[in-house]
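The values are calculated or read from the model by the stated rules, or taken from the named source; none is laboratory data. Being a predicted model, the structure only gives us computed values, none of them experimental. Heads up, the Cβs are rebuilt from the backbone with ideal geometry, glycines too, and the neighbour counts pull from every protein chain shown.
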Amino acid sequence: MIAPSGSYRFIALDVETASRAPGSICQIGLGCVRPDNFVETFSTHVDPQVSFDPFNVELHGIGPDTVVDAPCFAEAWGALLPLLTRHHLVQHSRFDQMAIEAACRVHDLSRPELSWTDSVKIARRAWPEFKGNGGHGLGHLKDALGLEFRHHDAGEDARAAAQVMVLAEERLGKSFAQIAVSPYKAQIKLSL
């Protein structure tokens, strides 16, 4: 598995799981935002080393046959971690962070020290009119903002979350650092 290796403004991360267990990651996707706002998309299937729930297979189309030659989570995570620790991460809801932490526990890996922002919260600030009128989930934002992606594919969802952040920057007239990172976190990051 060859992970992206550039320097990006931020990276959106999304995962799909094999079952209701958050640590059963079967796909990891990244939306890497370059300085020109172009989003480079990366995804890899992951062998969750657990049984697949039929509901999840129907939702995302990933099953045991899909992950036959895929790396296990520890291998995939080891390849991605050097990139992810250098960037601020975006997730569309807190599920992705919780799934990564659960998978690390399952595979006896140390909890990663990563910097996260929830694009749902940013979308609520940028488009308050969607509250009670479709909401701020990726499914509604796809239609409301004219995004094109295949929902429940980790790479596609990561790209969509990255695009939501770029559009929110434009809508709010603020940079990613201004809308995604609290002043306290920004000061800590700058002093590192």
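In table form, for the structure just shown:
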read-out	value
Test: Arg124 is over 23 Å from Thr41 (Cβ atoms), out of contact with any Gly (no Cβ under 7 Å at 6 or more places or on another chain), assigned to a helix (DSSP H, G or I) and of a type outside the set (S, T, N, Q)	yes
Test for Leu141: is it part of a helix (DSSP H, G or I), closer than 17 Å to Ser93 by Cβ and modelled with pLDDT under 95	yes
Extreme residue, surrounded by the most Cβ atoms within 10 Å (Cβ to Cβ), among residues of the stretch 146-156 that are of a type in the set (D, E, K, R) and over 12 Å from Gly31 (Cβ atoms)	Arg150
Residue within the stretch 74-96 that is within 22 Å of Ile2 (Cα to Cα), at pLDDT 95 or above, in a strand (DSSP E or B) and among the β-branched types (Val, Ile, Thr) present	yes
In the stretch 55-71, residue nearest to the chain's Cα centre (by Cα) [restricted to those that are crowded, with 16+ Cβ neighbours inside 10 Å and among the hydrophobic types (A, V, I, L, M, F, W, C)]	Ile62
Within the stretch 39-54, tally of residues that are within 16 Å of the chain's Cα centre (by Cα) and either more than 13 Å from Gly6 (Cα to Cα) or not hydrophobic (A, V, I, L, M, F, W, C) (or both)	6
Residue within the stretch 103-113 that is of a type in the set (S, T, N, Q) and surrounded by fewer than 16 Cβ atoms within 10 Å (Cβ to Cβ) present	yes
Which numbered condition Asp143 misses (of (1) surrounded by fewer than 19 Cβ atoms within 10 Å (Cβ to Cβ); (2) under 21 Å from Cys32 (Cβ atoms))	(2)
Pairs, first in contact (Cβ under 8 Å) with a residue 40 or more places away in the chain in the stretch 43-71, second surrounded by 15 or more Cβ atoms within 10 Å (Cβ to Cβ) and of a type in the set (Phe, Trp, Tyr), C-beta under 8 Å, six or more apart	Ile62/Phe52
Residue match in the stretch 107-117 (condition: more than 21 Å from Ala160 (Cα to Cα) and touching a strand residue (DSSP E or B) at 6+ places or on another chain (Cβ under 9 Å))	yes
